[in-house]
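The values are calculated or read from the model by the stated rules, or taken from the named source; none is laboratory data. Not measured: the values here are computed from a predicted model. Ideal geometry is used to build each Cβ from the backbone, glycine not excepted, and the neighbour counts take in all protein chains shown. Each accessible area value is taken on the protein alone, full model and side chains, heavy atoms only, with ligands, DNA and RNA left out. Shrake-Rupley method; radii C 1.70, N 1.55, O 1.52, S 1.80 Å.
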Amino acid sequence: MTGSPFKFLDSFTKEDREIFFGREKESEEIYSRVFQGNILLAYGASGTGKTSLIQCGLANKFSDSDWLPILVRRGNNMMDSLINSIRNAALTPLKNESSPSLKKYLQSLYLDHFKPVYLIFDQFEELFIFGTREEIETFAAGIAKVVKSDLQCRFIFVMRGEYLEHLTVFEDLIPSFFDNRIRIEKMTRKNAAEAILGPCRVFDIEVEEGFAQALLERLSPDKSEVELTYLQVFLDKIYRKSLLLNTGGQKPKFTLSLLEGLGHIGDVLSDFLEEQIALIPDAENALTVLKAFVSTEGTKRQIDIYEINEFTRTIGKDLSKETLENFIHQFVNLRILRDKDEQGKYELRHDSLAAKIYEKITLAEKELIGIREMIASRCKEYETRGNLLTQEDLNYIAPYENKIFLRGEAETFYNKSKQVIRSTMRLKRRVAVMSLLSILLLTSAVAFWFYQEGNVSRSNELAALSLVKLETDPTLAYLLAEEAWKKNPEGELALKALVNAYSHGPFYSTVKGDKYDISPDSKIIVTTSSDSAVSIYDMEGTLLKYLKFNVEQEIIQGEAFASGGKRFFLRDRHGNYTVMSLSGEKLHFFENPGIKKTLFDFSFQPGADGCLLNRGSDFSVYNSSWEELFRVSNKGMRSMDAKFSPDGKSIMGYADNTIRVFNMEGKEVRKFTCDDGAFITDADFSGNFIVTTSVEKNKNENIIRSLYTSEGKKCLTGNRRGYS
């Protein structure tokens with residue numbers, strides 16, 4: 001008989017038979033079922049008293065000569081723990097073997113004691129929470145061999161019901177695994193009342209009439225069943241309170257007034273946990289230490305000082321061994337932890353406490369705990385299967401790499417995984433690059449052939465049209481012939497058309513000083529002549545529009561087209577710009593504010609109707625209604641040129657040796673300096689890159705060409721002979 005009538009968070013053992021009440025029926029049923037097969041599976045929810053039923057209820061049905069109970073917990077490995085438990089119970093010393101035979105060891109144990117061996121696996125779910133696939137399969141195979149033998153050995157597996165689905169590996173090897181099972185239910189109110197009154201009778205505690213019913217009503221007002229863990233914790237609290245009140249040597253008494261004096265019954269375990277932690281001066285670190293005893297599944301786990309230290313470091317608390325030991329001793333005294341076992345491991349007194357502590361673990365901490373357990377599990381598998389972490393695993397771990405504090409075998413395993421993945425990725429990249437180069441060469445060859453064929457065909461069409469138009473419109477004939485020759489310089493027909501156009505007398509005098517531009521889709525030609533005339537043709541030579549300007553406004557052709565070829569602009573000798581539609585409509589006029597025309601440039605926004613106007617030391621951006629959206633100044637530097645990016649979403653400006661990138665709101669988003677000791681003479685976009693041409697000061701013959709990313713990182717640099 002124990003020193004207290006109530007077990008608090010501890011399980012009942014065989015020595016507690018005098019205070020074990022309310023489970024007589026279940027004890028009889030388990031005793032009956034244990035003889036119905038070699039395996040008995042006892043399962044139920046946490047807090048239903050499964051362990052107490054086996055270690056007290058069932059144990060007291062046997063006499064010492066009827067059975068040899070061997071209690072097994074997983075520890076670090078289920079099979080290792082089983083072998084060690086058998087070794088500890090053996091009278092004849094068992095040989096240390098690298099691959100011990102479970103069947104052989106059990107046979108020796110039976111011969112030592114000459115009574116049936118009962119292997120009781122308490123909290124069997126730990127095998128699936130912490131064990132590796134290799135461990136589970138090895139253990140299941142060992143059990144199957146014993147079950148199929150004629151050994152006087154029975155197995156009792158005690159576990160939480162939600163983990164039953166993990167037992168399929170056992171069912172595959174032992175088809176009868178589920179045949180003999182019993183579900184442990186929560187205690188009814190009637191039996192719970194007996195669990196209150198029975199121990200009180202044994203300890204001569206006076207109980208006021210109606211006390212048990214009042215307590216159960218307050219503890220579980222809406223249910224017909226009772227949480228045994230909560231009941232035992234609260235009964236222990238009442239018992240201790242009654243001892244404090246009866247200081248005159250009187251026997252304890254449970255009264256309704258005592259129950260009322262304890263106030264509202266809330267979450268009994270949470271209240272207990274909060275009260276006990278509050279007794280420790282450094283409550284924050286104390287809670288951190290408690291979190292180490294909880295698995296990612298919210299169950300308790302057995303760990304030693306070393307593992308506790310690893311955990312606290314993982315969540316950012318590097319506590320000394322002395323500090324940890326101090327916390328642990330306090331938790332043992334406060335009845336939160338069990339004292340260390342033979343392997344030097346500690347654990348929470350009950351899974352119900354683990355569930356309450358688990359609620360206090362943050363999501364970030366849960367991630368870190370899960371990662372550490374995953375690495376540890378995979379490290380154990382590596383020892384037998386040789387499987388390292390995958391690239392997907394490493395990607396998942398990477399954000400937490402500086403926080404997991406791996407050591408020993410786990411650290412070696414993790415680093416080796418990274419090394420192998422890097423080597424594999426380098427090999428794959430080499431293969432991919434070679435394959436890509438082969439594909440590009442083939443694709444380029446095919447594309448070039450089609451391009452050449454397309455150019456030849458189009459060149460011949462333009463040359464033929466030039467010859468037809470030679471007599472009626474020599475200017476157009478020359479333009480068509482020149483375009484045909486550009487597309488295919490070696491084409492006989494293009495060369496013939498060009499020679500004829502040059503040799504045509506009336507045309508020669510007309511074309512002198514003329515300029516032209518072709519739309520991006522090669523469908524429109526805009527020509528300007530020295531007499532300030534503008535002609536718009538389609539590519540078949542049809543005159544679409546003829547515009548005549550004042551002779552004083554000599555038209556100098558610029559980068560003519562934008563908006564997919566629907567608009568173009570003209571620049572006169574005074575540096576003014578006129579934006580035109582293809583129908584000849586003047587859309588807008590930009591007047592030069594007196595700056596040299598060479599510093600006054602114009603461009604359309606790609607894919608949109610906005611435009612950019614360079615004004616020497618600054619530039620302005622306009623919308624489709626020609627309203628100025630913003631202006632950017634480059635004060636203190638030489639004149640700045642600006643250009644739209646290919647996607648029309650940003651603007652690059654350059655001056656001296658500096659590149660500046662702006663968004664479409666005029667805000668500078670990036671700025672970087674190019675080649676030292678040189679100034680930029682030109683810069684442009686090339687896809688997602690920026691290409692610059694610079695000249696070293698006082699060394700105009702040394703031209704530097706550089707290629708930068710849009711972020712300003714230099715990729716290539718070279719001179720007029722090429723890039724390096």
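Quick one: would you say V158 is assigned to a helix (DSSP H, G or I) and closer than 15 Å to I39 by Cα?
The answer is no for V158.
Is the stretch 305-320 home to any residue that is among the aliphatic types (A, V, I, L, M), outside any helix (DSSP H, G or I) and under 26 Å from the mean Cα position of the chain (by Cα)?
For the stretch 305-320, residues among the aliphatic types (A, V, I, L, M), outside any helix (DSSP H, G or I) and under 26 Å from the mean Cα position of the chain (by Cα): present.
Of S149, S176, S220, which residue is more than 43 Å from the chain's Cα centre (by Cα), surrounded by fewer than 22 Cβ atoms within 10 Å (Cβ to Cβ) and polar (S, T, N, Q)?
S149
For the stretch 387-394, does any single residue satisfy the condition of being in contact with an Asp or Glu (Cβ under 8 Å, 6 or more places away or on another chain) and without any contact (Cβ under 8 Å) to a residue 12 or more places away in the chain?
Yes, the stretch 387-394 contains a residue that is in contact with an Asp or Glu (Cβ under 8 Å, 6 or more places away or on another chain) and without any contact (Cβ under 8 Å) to a residue 12 or more places away in the chain.
Yes or no, residue by residue, for (1) within 26 Å of L41 (Cβ to Cβ); (2) touching a Phe, Trp or Tyr at 6+ places or on another chain (Cβ under 9 Å):
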position: K145; (1), (2): yes, no
position: L164; (1), (2): yes, yes
position: L173; (1), (2): yes, no
position: N180; (1), (2): yes, no
position: E185; (1), (2): yes, no
position: E217; (1), (2): no, no
position: S220; (1), (2): no, yes
position: V226; (1), (2): yes, no
position: T229; (1), (2): yes, no
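Which one is surrounded by the most Cβ atoms within 10 Å (Cβ to Cβ), of the residues in the stretch 360-373 that are assigned to a loop (DSSP other than H, G, I, E, B) and in contact (Cβ under 8 Å) with a residue 12 or more places away in the chain?
Among those that are assigned to a loop (DSSP other than H, G, I, E, B) and in contact (Cβ under 8 Å) with a residue 12 or more places away in the chain, it is I361.
Of (1) outside any strand (DSSP E or B); (2) modelled with pLDDT of 85 or more, S625 satisfies all except one. Which?
Answer for S625: the failing condition is (2).
So, of the residues in the stretch 502-535 that are modelled with pLDDT of 75 or more and not β-branched (V, I, T), which turns out to be nearest to S583 (Cα to Cα)?
Within the stretch 502-535, the match that is nearest to S583 (Cα to Cα) is S535.
Out of G594, G541, I need the residue that is open to solvent by 50 Å² or more (accessible area, probe 1.4 Å) and at pLDDT below 75. Which one?
G594
On the given criteria, is S242 hydroxyl-bearing (S, T, Y) and open to solvent by less than 40 Å² (accessible area, probe 1.4 Å)?
In short, yes.
Do the conditions hold for T188, that is, is it among the polar types (S, T, N, Q) and modelled with pLDDT of 90 or more?
Taking the combined requirement at face value, the residue satisfies it.
In the set F62, F114, which member is at positive phi and more than 52 Å from the chain's Cα centre (by Cα)?
Step by step, each of F62, F114 is checked, and only F114 is at positive phi and more than 52 Å from the chain's Cα centre (by Cα).
Which members of the stretch 168-189 meet the condition of being without any contact (Cβ under 8 Å) to a residue 40 or more places away in the chain and not in a loop (DSSP other than H, G, I, E, B)?
T168, V169, F170, E171, D172, L173, T188, R189, listed by residue number.
When you scan the stretch 374-405, how many residues do you find that are closer than 17 Å to E310 by Cα and either over 19 Å from the mean Cα position of the chain (by Cα) or open to solvent by 40 Å² or more (accessible area, probe 1.4 Å) (or both)?
9
Given the criterion modelled with pLDDT under 85, open to solvent by less than 10 Å² (accessible area, probe 1.4 Å) and not in a loop (DSSP other than H, G, I, E, B), identify the matching residue among L290, L259, L269.
Matching residue, one of L290, L259, L269: L269.
Is it the case, given these coordinates, that I19 is under 15 Å from F121 (Cα atoms) and buried (at least 19 other Cβ atoms within 10 Å of the Cβ)?
For I19, the condition - under 15 Å from F121 (Cα atoms) and buried (at least 19 other Cβ atoms within 10 Å of the Cβ) - is not met.
I'm checking my understanding of the structure. Among residues of the stretch 685-699 that are farther than 15 Å from C715 by Cβ and modelled with pLDDT under 80, which one is surrounded by the most Cβ atoms within 10 Å (Cβ to Cβ)?
Restricting to residues being farther than 15 Å from C715 by Cβ and modelled with pLDDT under 80, the top hit is E696.
Out of V456, V499, which single residue is part of a helix (DSSP H, G or I) and at pLDDT 75 or above?
V456
Of the conditions (1) in contact with a helix residue (DSSP H, G or I) (Cβ under 8 Å, 6 or more places away or on another chain); (2) open to solvent by 10 Å² or more (accessible area, probe 1.4 Å); (3) without any contact (Cβ under 8 Å) to a residue 24 or more places away in the chain, G131 clears all except one; give me its number.
It fails just one condition, (3).
Would you kindly identify the strands (runs of 3 or more DSSP E) lying entirely within the stretch 646-690 that contain at least 2 residues that are more than 21 Å from S603 (Cα to Cα)?
668-673, 678-686
Of these, E97, E135, which one is among the acidic types (D, E) and assigned to a helix (DSSP H, G or I)?
E135
Can you name the residue in the stretch 293-334 that is aromatic (F, W, Y) and either without any contact (Cβ under 8 Å) to a residue 12 or more places away in the chain or under 15 Å from R349 (Cβ atoms) (or both) and, of all such residues, is most open to solvent (accessible area, probe 1.4 Å)?
Only one residue tops the list, namely Y306.
Of everything in the stretch 28-53 that's among the β-branched types (V, I, T) and out of contact with any Leu (no Cβ under 7 Å at 6 or more places or on another chain), which residue is nearest to Q152 (Cα to Cα)?
For the stretch 28-53, the residue satisfying everything is I39.
In the stretch 342-352, how many residues are open to solvent by less than 60 Å² (accessible area, probe 1.4 Å) and either in a loop (DSSP other than H, G, I, E, B) or of a type in the set (S, T, N, Q) (or both)?
Qualifying residue count for the region: 5.
Out of the stretch 86-128, which residues are β-branched (V, I, T) and open to solvent by less than 40 Å² (accessible area, probe 1.4 Å)?
Hits for the stretch 86-128 are I86, V117, I120.
With (1) part of a helix (DSSP H, G or I); (2) open to solvent by 30 Å² or more (accessible area, probe 1.4 Å); (3) of a type outside the set (D, E, K, R) as the list, and P281 as the residue in question, which single condition is left unmet?
(1)
Of the residues K586, K566, which is basic (K, R) and modelled with pLDDT under 75?
One residue alone meets the criteria, K566.
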